[in-house]
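The values are calculated or read from the model by the stated rules, or taken from the named source; none is laboratory data. All figures in this text were calculated on a predicted structure; none of them were measured in a lab. In this analysis, Cβ positions are derived from the backbone assuming ideal geometry, glycine residues included, and neighbour counts consider all displayed protein chains. When the accessible area is computed, the model is the full protein with side chains, heavy atoms only, and any ligands, DNA or RNA have been set aside. Shrake-Rupley method; radii C 1.70, N 1.55, O 1.52, S 1.80 Å.
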Amino acid sequence: MSSTRADSIAKDTQSQQRIERLETQLEEALLNLVRTEEALHQQQQHNQLLQQLCDGQTKLQQLQEASQ
């Protein structure tokens, strides 16, 4: 096998390995994005529940003050 052929195969192998590493990094980034979106959704739900609790406390306080 000539050195140019061997060099070509080596470059192809290196390119393939780089592609595989990039694919792995992309998969990890996508998984992180999904986890981040799930965490954001949970935080939004938590914030809504806290807002409802605060609204209920405000309403209760208003009712208590009105009944005095």
- Task: Compute the whole-percent fraction of alpha carbon pairs in the chain spaced more than 18 Å apart.
- Result: 70 percent
- Message: How large a share of the accessible area of the chain, in percent, is made up of carbon and sulfur atoms when the probe is 1.4 Å and the other protein chains stay in place?
- Response: 52 percent
- Note on the structure: Checked against the positive end of the charge dipole of the chain (+1 on Cβ of Lys and Arg, -1 on Cβ of Asp and Glu, about the Cα centre), the farthest of Leu49, Thr24, Leu60 is Thr24
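Enter the accessible area per residue of segment 18-68 (Å², integer; probe 1.4 Å; all protein chains in place). Don't skip to the end; give the middle numbers.
Details: 4930 Å² over 51 residues.
Heavy-atom SASA per residue in segment 18-68 reads 97 Å².
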